[in-house]
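Accompanying notes for the structure given below.
The values are calculated or read from the model by the stated rules, or taken from the named source; none is laboratory data. Everything numeric in this text was worked out from a predicted model, so none of it was measured. Neighbour counts are summed over all protein chains in view; Cβ atoms, including those assigned to glycine, are modelled from backbone coordinates with ideal geometry. The accessibility values were calculated without ligands, DNA or RNA, using every heavy atom of the protein model including side chains. Shrake-Rupley method; radii C 1.70, N 1.55, O 1.52, S 1.80 Å.
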Amino acid sequence: MAGSDLVYQKCIRPDCGATLSLDDTSFQCPKCLGLMDVVYDWDRLNVPNQLADFEEAWRTRSNPLDFSGVWRFRRLLPFAPDEKILTIGEGQTLLQKADAIAKKVGMNEGQLFLQYEGMNPSGSFKDNGMTAAFSHASMTGARRAACASTGNTSASLAIYCSATSRMKGIVFVGSGKISYGKLAQALDHGALTMQIAGDFDDAMHQVQQMARRLGVYLVNSINPFRLEGQKTIMFRILEALRWQVPDWIVVPGGNLGNSSAFGKAFIELKQLGLIDRMPRLAIINAAGADTCFQLFNRDGLRWNGGRWNQTVIDNYYHHLDQEKKRANTLASAIEINRPVNLVKALRALEKMDGVVREATDQEILDAKAMVGAGGLGCEPASAASLAGLMKLRAEGTIAPSDRVVCILTAHQMKDSSATVAYHGSDPKTFEEVLGVRGVRRASFANRPVQVPNDLEAIVRSIELYS
Ligand code: F0G
């Protein structure tokens, strides 16, 4: 790794192409105010000849950088010198073959995989990106870092601050908009927690203004270094599949950072000749927060080689404002109407021959219960990926013989209120938590059994139910 001519930031719009140095922290194109990419002069960097070369790092995992599931691939995100990298052991995640679920959703045995990003230190995929942003922040000498969040980014920032003692974390969350599990993490890890009277879209707007005004380092996924870290989720999937490219990657869409990062990962791997074909991408929105779905499918918005139609986007947001329409879904992690990475996601969709679908809260919760019963469990937003797969199977876009990876973005324990309401037997709780969101049934519920404090009655119940 090294000097700024080898690595820099570049506007994603090919006909703008403005650049910023590696250490610039404005994360905005100086000419057209658009999104930036981290770009590398690969010809002058030490790129592996084949993906299997990364297996060498398995033998040297006593080195924390080779242990990390992000940094063992650092030759594919070579922006930080080793001594500046801050890792807390992120990325020890699992690609699980999910045959029981495959059977239920009409996929052939051995073809469906779930990528468990909930196994990260803070319980979500965000740690992949946070270690990268945090390392960049430390390179630039930042002492304070901030984000707006639906909960997981704030938990991740908070844990990196507490585990490394390198920065003070400031997190902006929509008041009453994040689950207790995630709020608890921000508080417990000592982040300055600002509860804004508004939702994520409001918090995102405010944090950007604040960061600029006070010179605070921003770790939201508008920061292209975050996305460099999130590319490694794809590298680990390839690693687990012995470097074979799957047919589909299915991912929930919120702020569209993952979708964008996955696209960049595969574009670069192809460019470097490390893979010979691209997987297809399926982005799944919640129906109550479906900007990407509407713009892509209804309005026909496309990346179009970097000449997307901004007027279509502006009109859509204008319409949302006029109607006072706010994002509204039980999958609170993806309750976002103005995804900051929309245009990068359009690029990923074009390069990966992608599709966008949406899933209702009912579909998401049913899918979540299927994940829980047949896998390691996830929070509601994560289950959008399986709900989306079910749609794509039903409509025939995905074939039973396709090899599919659904990304499970965060741990089950992140948001237990929806889970307990779904499985529980109290109709009042069901109505308060789920009914108000239009959920009518809990078809896959595993009801708790109420028993008296009496051994004979307990034994009778167990014999009845097991
Ligand atoms: N799944 C979970 C569990 C998330 O927390 C998020 C985003 C997403 C999916 C969507 O990912 O933004 O890359 O499309 N959570 C952010 C947060 C917004 O603040 O924690 P995306």
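Observations on the model:
- Length added when fully stretched, TRP42-THR164, from 0.36 nm per residue minus Cα-Cα: 40.8 nm
- With contributions of -39500 (n - 2.57) from each DSSP H run of at least four residues, the per-residue ellipticity at 222 nm computed over the chain stands at -11000 deg cm²/dmol.
- One chain, two ends: LYS324 and ALA445. Fully extended at 0.36 nm per residue, the span grows by 40.1 nm beyond their Cα-Cα distance.
- Heavy-atom accessible surface of TYR160, to the nearest 10 Å², is about 0 Å², with a 1.4 Å probe and all protein chains retained.
- Sorting ASP247, ASP23, ASP43 by solvent-accessible area of protein heavy atoms yields ASP43, ASP23, ASP247, largest first, with a 1.4 Å probe.
- By definition, a body whose alpha carbon gyration tensor gives a ≥ b ≥ c is oblate when a/c is 1.5 or more and a/b is not larger than b/c, and segment 114-188 fits this oblate description.
- Within-15-Å neighbourhood charge of GLY181 [Cβ basis; K, R +1; D, E -1]: +2
- Sparsely packed loop sites in segment 358-407 (the GluC sites (Glu not before Pro) outside DSSP H, G, I, E and B with at most 15 other Cβ atoms within 10 Å) comprise GLU395.
- Three-way shape label, segment 145-238, alpha-carbon gyration tensor, a/c 1.5: rounded
- Percent carbon-and-sulfur accessible area, the chain, ignoring ligands, DNA and RNA, probe 1.4 Å: 48 percent
- Residues of segment 26-55 with an amide N closer than 11 Å to a point placed 7 Å from the Cα of GLN271 along the Cα-to-Cβ direction: 37-43.
- Computed over the Cα atoms of segment 367-466, the ratio of the radius of gyration to the Kirkwood radius (Rg/Rh) comes to 1.08.
- Karplus-based coupling profile of segment 424-431, in residue order and whole Hz: x, 10, 8, x, 5, 4, 4, 5, with θ = phi - 60° in 6.51 cos²θ - 1.76 cosθ + 1.60 and x standing for Gly or Pro.
- Segment 87-119: GluC sites (Glu not before Pro) in DSSP loop, at most 12 other beta carbons within 10 Å: GLU109
- Scattering curve values for segment 91-142, log₁₀ I(q)/I(0), Debye with Cα scatterers, q = 0.20, 0.22 Å⁻¹: -0.72, -0.78
- If R0 is taken as 56 Å, the Cβ-Cβ distance between ILE458 and ARG298 corresponds to a FRET efficiency of 0.55.
- VAL439 long-range amide H proximity, modeled H, under 5 Å: none
- Sorting THR140, THR232 by accessible area puts them as THR140, THR232; the probe is 1.4 Å, largest comes first, and only protein heavy atoms count.
- Rounded FRET efficiency, nearest 0.05, which uses the C-beta distance separating LEU94 from ALA197 and R0 of 56 Å: 0.90
- Net length gained if the chain between GLN310 and ASP353 were fully extended (0.36 nm per residue, minus Cα distance): 13.4 nm
- Simple point charges give the picture: +1 on the Cβ of Lys and Arg, -1 on the Cβ of Asp and Glu, and for the chain a dipole about the Cα centre of about 520 debye.
- Cubic angstrom per residue, convex hull over Cα atoms of the chain: 159 Å³
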